[in-house]
Every structure is written in structure tokens, then in C-alpha cells.
Amino acid sequence: MIKRFKNRSTPKDERVKKLIEGIIQFHETRRQGYEETFSKLALGQKPDALFIACSDSRMAVNVFASTDPGDLFVVRNVGNLVPPHGQPGGTGTAAALDFAVDILKVKDIIVCGHSDCGAMHAHAKGHETLPEGSLKAWLNMGATDTAKGLEVNEASRRNVLAQLEHLKSYPSVEKAMRERDLGLHGLWFDIRQLEVLYHDGATRAWVVLDEKDGSRILQQLKR
């Protein structure tokens, strides 16, 4: 059995050992179970949804969403932001968005925030507290919902809703919503509680996706 390194204070030459050991372990013990799946994916991708999430290392989308390879086209950045259409500094996210909508024809777009978000800590304190640089410029461009003074998790949830509005400013999204019923959805991951919340547009409330409320949301989405 390959040993895992848990101590983060490791010498420089050992810092990537956990990653490399994991790749070796996948090659030796798990690869065979994925061969059929990836032989099909090698022919092309057809993801169900575009999933826009934060770069935070704790955002384990494939764990809490129980997704398989090929299910999601994923964009990750600091603060799960979607800069409004036309922002020069947002072209990376914009390119992925247009590719997912126009080329891959995803049926849904999901913006997912999370608790204890570092970007939202800065957002809630006020952008003026940040030094000049890329992070400040990024937040000024994309995190436009009023958040100064808010509790960080409330700021994070409001930020998800702001990004959903930003999505509507993209011509590709507006067209797909109008012509083929592209869906926009907000999720929020509570890391400590291991719960995922969904923003219910009908009630304008965040609800836990458990068996009761999750089943109700599924019924709404079928209409």
C-alpha cells in the first residue's frame, strides 16, 4: 500500500509526492475500472451542464455531486465569478462560457459558491482593503453585488445570485435561454455541514438538497 503524506510542512522535494503517488495508485489499481468510460469519452464530450465553481481546494464537486467523468464542463476561478459581458479581463471565463453554450450545447449552467470563501472574506471587508493587483481587479470586475459588512457566508450566497444575473448579460446565454430553455441554477456548498443548498427561484430561498426539499426541486425542474 502506498503511504500518504499528511504533514504539509514537508521538504521541497517531497511536496508533490502525494500527487505523484496518487497517480501511480490510479495507474496500478483503479485505471481498469475506468477504461470503458474513457474509451467512450475519447470520442468526444457531451456534458450535461456547465459548472462554475471556486478554485478553493475544498470544493470537491465530484464528491458532493456524485458526478462521473464527462458529466460536467467545469470552470473554476477565485470566487466563482462571471464578469459581466464585455469586461476585457474576463475573457477566459467568457470563452469557456461561450464554448459550453454554443459548441457543447449544455442544457444547464450552475454557479456554485461555498462557505468560508477567501474571496468573499475580502469582498465583505471591502475591496479597498486589498493591495493593488490582480485579485483586487478581479473582484472589482466580477463581485459587484453589495456585500461590505455582511457575514461572509451571506456575502457568498448573494454573490452566487449576482453571478447568475451576470450570465444573462451574455448574448449566447440569452439566446439559449430564449430558444432552447437553457437553465440557470445557484448552488452553495456548506463545507462544515457537508450540505448543498439550492436557490429556489419560486420562493427566493436557499433550501437544503435533502430527500424532502430535493425531491420538490426536482419536480419543479420537470415542469
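The values are calculated or read from the model by the stated rules, or taken from the named source; none is laboratory data. Everything numeric in this text was worked out from a predicted model, so none of it was measured. All Cβ positions, even for glycine, are placed from backbone atoms using ideal geometry, and neighbour counts span all protein chains on display. For the accessible areas, the whole protein counts, side chains as well, though only heavy atoms, and no ligand, DNA or RNA atoms are used. Shrake-Rupley method; radii C 1.70, N 1.55, O 1.52, S 1.80 Å.
Identify all residues within region 156-189 that are more than 13 Å from the chain's Cα centre (by Cα), in contact (Cβ under 8 Å) with a residue 60 or more places away in the chain and open to solvent by less than 30 Å² (accessible area, probe 1.4 Å); write none if there are none.
Answer for region 156-189, where residues must be more than 13 Å from the chain's Cα centre (by Cα), in contact (Cβ under 8 Å) with a residue 60 or more places away in the chain and open to solvent by less than 30 Å² (accessible area, probe 1.4 Å): H166, L167, Y170, S172, V173, A176, L182, G183.
G33: without any contact (Cβ under 8 Å) to a residue 24 or more places away in the chain, at positive phi and surrounded by fewer than 15 Cβ atoms within 10 Å (Cβ to Cβ), yes or no?
no
Could you list all residues from region 48-80 that are over 9 Å from the mean Cα position of the chain (by Cα) and among the polar types (S, T, N, Q)?
Matches in region 48-80: S57, N62, S66, T67.
Only one residue in K105, K148, K136 is at pLDDT 90 or above and over 25 Å from N62 (Cα atoms). Which one?
Every option except K136 fails the conditions.
Can you confirm whether region 81-94 contains a residue that is within 16 Å of the chain's Cα centre (by Cα), farther than 23 Å from S172 by Cβ, open to solvent by 10 Å² or more (accessible area, probe 1.4 Å) and hydroxyl-bearing (S, T, Y)?
Checking region 81-94: not a single residue is within 16 Å of the chain's Cα centre (by Cα), farther than 23 Å from S172 by Cβ, open to solvent by 10 Å² or more (accessible area, probe 1.4 Å) and hydroxyl-bearing (S, T, Y).
Suppose we filter region 119-137 for residues that are at negative phi, surrounded by fewer than 20 Cβ atoms within 10 Å (Cβ to Cβ) and touching a residue at least 12 places away in the same chain (Cβ under 8 Å); how many remain?
Of the residues in region 119-137, 5 are at negative phi, surrounded by fewer than 20 Cβ atoms within 10 Å (Cβ to Cβ) and touching a residue at least 12 places away in the same chain (Cβ under 8 Å).
What are the residues in region 147-188 that are charged (D, E, K, R), closer than 17 Å to A53 by Cα and outside any helix (DSSP H, G or I), if any?
Passing the criteria: none in range.
Kindly provide the set of residues from region 77-129 that are part of a helix (DSSP H, G or I), of a type in the set (V, I, T) and touching a strand residue (DSSP E or B) at 6+ places or on another chain (Cβ under 9 Å), ordered by number.
T93, V101
With surrounded by fewer than 24 Cβ atoms within 10 Å (Cβ to Cβ) and either touching a residue at least 60 places away in the same chain (Cβ under 8 Å) or closer than 25 Å to E195 by Cα (or both) as the only criterion, which of N153, N140 stands out?
Being surrounded by fewer than 24 Cβ atoms within 10 Å (Cβ to Cβ) and either touching a residue at least 60 places away in the same chain (Cβ under 8 Å) or closer than 25 Å to E195 by Cα (or both) holds for just one of N153, N140, which is N153.
Whether any residue in region 57-73 is part of a strand (DSSP E or B), in contact with a helix residue (DSSP H, G or I) (Cβ under 8 Å, 6 or more places away or on another chain) and not small (G, A, S) is what I want to check.
Among the residues of region 57-73, at least one is part of a strand (DSSP E or B), in contact with a helix residue (DSSP H, G or I) (Cβ under 8 Å, 6 or more places away or on another chain) and not small (G, A, S), which makes the answer yes.
Determine, yes or no, whether D102 is open to solvent by 20 Å² or more (accessible area, probe 1.4 Å), touching a residue at least 24 places away in the same chain (Cβ under 8 Å) and under 23 Å from L194 (Cβ atoms).
no
Any idea which residue in region 43-66 is most open to solvent (accessible area, probe 1.4 Å), counting only those that are charged (D, E, K, R) and closer than 20 Å to R157 by Cβ?
R58
Scanning region 13-56 for residues that are outside any loop (DSSP other than H, G, I, E, B) and of a type in the set (S, T, N, Q), which turns out nearest to L167 (Cα to Cα)?
Looking at residues that are outside any loop (DSSP other than H, G, I, E, B) and of a type in the set (S, T, N, Q), I get T37.
Out of region 194-212, which residues are of a type outside the set (D, E), without any contact (Cβ under 8 Å) to a residue 60 or more places away in the chain and outside any strand (DSSP E or B)?
G201, A202, T203, R204, L209, K212
With the structure loaded, tell me whether G126 is at pLDDT 95 or above and small (G, A, S) or whether it fails that test.
Against the criterion (at pLDDT 95 or above and small (G, A, S)), G126 does not qualify.
Under 8 Å by Cβ, and 6 or more places apart or on different chains, what pairs join a residue from region 65-79 that is at pLDDT below 95 with one that is open to solvent by less than 40 Å² (accessible area, probe 1.4 Å) and among the β-branched types (V, I, T)?
Sorted first by the residue in region 65-79, then by its partner, the pairs are A65/V196; T67/V61.
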